[in-house]
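The values are calculated or read from the model by the stated rules, or taken from the named source; none is laboratory data. Owing to the predicted nature of the structure, the values given are computational and were not obtained by experimental measurement. Note: ideal-geometry Cβ built from the backbone for every residue, glycine included; neighbour counts use all protein chains shown.
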Amino acid sequence: MFTLVKRMNFGRMSGMTRADTNPIFNNNKLKLGTFCTNTVSNMTFVPERRDASWANSLAAARLADNAGLEAIVPIARWKGYLDGRPEHFSNDVFDVFTWAAGLAQATRYSSIFATSHAPTIHPLVVAKQCATIDAISGGRCSLNIVGGWNRREFDMFGINLMEHDQRYVYLEEWLQLVRRLWTDPGEFDIESRFFRMKKALSRPQPLQQGGVPIMNAALSPTGMRFSAKNSDIGLISPQGERPEDWRPQVENYKRMAREEFGREIQLWTNVAVVQRETLEAAQAYLHRYSVEYLDVECLDSIMRTISMENNIPAGSELLAAMRRRMAVGAGHPLIGTAQSIAEELAAISRVGIDGIIMTWVDYVDGLERFCREVLPLLEQAGLRQPFARAS
Ligand SMILES: Cc1cc2nc3c(=O)[nH]c(=O)nc-3n(C[C@H](O)[C@H](O)[C@H](O)COP(=O)(O)O)c2cc1C
């Protein structure tokens with residue numbers, strides 16, 4: 001059984017590793033987390049959809065934390081997906097760093113992620129914010145890094161969205177600096193392509209030796225190569241309806257990390273969960289929120305942006321598949337009973353996926369059902385250990 005490592009002191013303790021405080025390195029074969037609780041449920045007008053309120057963020061985080069889920073991951077979004085529509089709910093998103101700091105104080109076990117749009121935040125700011133969240137959480141901070149893709153956000157900053165592959169050149173330099181600030185004992189000067197820093201220093205450094213773990217959600221070959229080289233967790237959206245279709249993608253990704261960079265990385269993916277007593281009831285609810293109450297205008301707009309920015313032709317099967325997923329909740333759909341969901345999660349684990357972050361229309365209802373009925377089945381299947389919180 002896992003126990004909570006108590007780390008009330010702010011100082012670093014020698015001999016401790018990140019696995020001692022950050023559960024993303026625990027021994028559970030299938031790690032679990034929540035995704036996007038810092039914003040509204042996307043793409044649906046269903047009346048019970050959640051608002052971006054602190055009460056909702058906190059309630060979901062406490063359920064996840066009390067059940068021993070490994071990760072609480074926000075989405076980084078400065079602006080939503082519809083032009084000229086300030087009232088549209090996709091604009092309602094909490095700042096990820098201050099949100100993570102609040103949750104760090106309110107939880108005791110889960111790793112609290114922040115997500116950083118690298119071009120909009122200087123490495124010095126991110127290094128210090130993460131070190132602060134790491135101190136508040138006792139070594140449970142993790143960082144998802146993204147290069148950005150939604151031009152509307154960059155227009156607000158008055159900066160250009162870089163050409164696709166350049167985003168990863170920038171991201172690599174940016175991350176090297178963040179990591180150096182987390183680990184270098186002294187001050188340093190940098191004159192690089194994108195940064196100029198004199199006598200740079202960020203203290204205190206994170207509690208986690210080597211800095212906080214890095215997640216990256218790349219899908220392109222350039223992005224995945226970056227992630228294999230630099231991240232602890234690659235967050236992927238594998239192509240294919242059935243987990244078995246994902247096996248080559250997962251194996252190739254891990255092999256690239258191992259053979260080209262001598263690294264073992266975890267691969268996680270995101271799923272949208274609808275759990276009911278029967279399959280029919282789950283499908284009926286899926287139909288309700290993703291067909292009857294679908295926010296077609298928002299979905300069409302986001303798909304146009306994705307198509308344009310990634311050169312994915314309108315009318316292509318790839319874009320159609322992405323649209324179907326996006327309508328359901330942006331990830332692989334897990335629609336069914338506790339039993340069928342547990343079986344699908346086991347199938348996902350069998351192809352080599354190490355972790356899953358989950359979305360629901362209503363997180364509190366969804367997490368309560370999931371933790372009560374699915375977690376015990378995953379424990380019986382040997383995918384997770386029962387969680388015991390230290391007193
Ligand atoms: C599961 C998942 C989560 C993501 N989260 C964010 C996010 O929070 N903010 C963001 O701007 N982009 C996010 N992205 C988009 C990625 O950063 C990236 O732009 C996208 O996956 C395309 O990959 P590529 O850059 O390799 O083409 C996410 C992507 C995936 C698959």
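Give Gly80, Gly84, Gly102, Gly68 a once-over and let me know the one that is at pLDDT below 95, buried (at least 17 other Cβ atoms within 10 Å of the Cβ), small (Gly, Ala, Ser) and more than 30 Å from Lys199 (Cβ to Cβ).
Of the residues listed, the single one that is at pLDDT below 95, buried (at least 17 other Cβ atoms within 10 Å of the Cβ), small (Gly, Ala, Ser) and more than 30 Å from Lys199 (Cβ to Cβ) is Gly80.
Please enumerate the residues belonging to the stretch 26-69 that are within 16 Å of the ligand (Cβ to nearest atom), within 23 Å of Asp95 (Cβ to Cβ) and not in a helix (DSSP H, G or I).
Within the stretch 26-69, Gly33, Thr34, Phe35, Cys36, Thr37, Asn38, Thr39, Val40, Ser41, Asn42, Met43, Ala52 qualify.
Is it the case that the stretch 316-325 has a residue that's crowded, with 18+ Cβ neighbours inside 10 Å, more than 19 Å from Val374 (Cβ to Cβ) and hydroxyl-bearing (Ser, Thr, Tyr)?
Checking the stretch 316-325: not a single residue is crowded, with 18+ Cβ neighbours inside 10 Å, more than 19 Å from Val374 (Cβ to Cβ) and hydroxyl-bearing (Ser, Thr, Tyr).
Suppose we filter the stretch 119-131 for residues that are surrounded by fewer than 23 Cβ atoms within 10 Å (Cβ to Cβ) and in a helix (DSSP H, G or I); how many remain?
Matching residues across the stretch 119-131 total 7.
When you scan the stretch 42-54, do you find a residue that is over 13 Å from the mean Cα position of the chain (by Cα) and over 21 Å from Leu299 (Cβ atoms), even just one?
Within the stretch 42-54 (the criterion being over 13 Å from the mean Cα position of the chain (by Cα) and over 21 Å from Leu299 (Cβ atoms)), the answer is yes, since at least one residue qualifies.
Return the pairs, sorted by first residue and then second, in which the second residue is surrounded by 19 or more Cβ atoms within 10 Å (Cβ to Cβ) and of a type outside the set (Ser, Thr, Tyr), the first residue lies in the stretch 89-106 and is without any contact (Cβ under 8 Å) to a residue 24 or more places away in the chain, the beta carbons are less than 6 Å apart, and the residues are 6+ apart or on different chains.
The qualifying pairs are Asn91/Gly80.
Scan the stretch 121-166 residue by residue and report those that are within 10 Å of the ligand (Cβ to nearest atom) and more than 15 Å from the chain's Cα centre (by Cα).
Trp149, Asn150, Glu153, His164, Asp165, listed by residue number.
Kindly list the number of the only condition in (1) part of a loop (DSSP other than H, G, I, E, B); (2) within 14 Å of the ligand (Cβ to nearest atom); (3) surrounded by 18 or more Cβ atoms within 10 Å (Cβ to Cβ) that fails for Gly211.
So Gly211 meets the others, but not (2).
Determine which member of the set Ser231, Ser202, Ser227 is at pLDDT 95 or above and more than 19 Å from the chain's Cα centre (by Cα).
Criteria check complete, one pass: Ser202.
Can you give me the number of residues within the stretch 132-191 that are assigned to a helix (DSSP H, G or I) and either farther than 16 Å from Ile121 by Cα or not acidic (Asp, Glu) (or both)?
Total meeting the criteria: 29.
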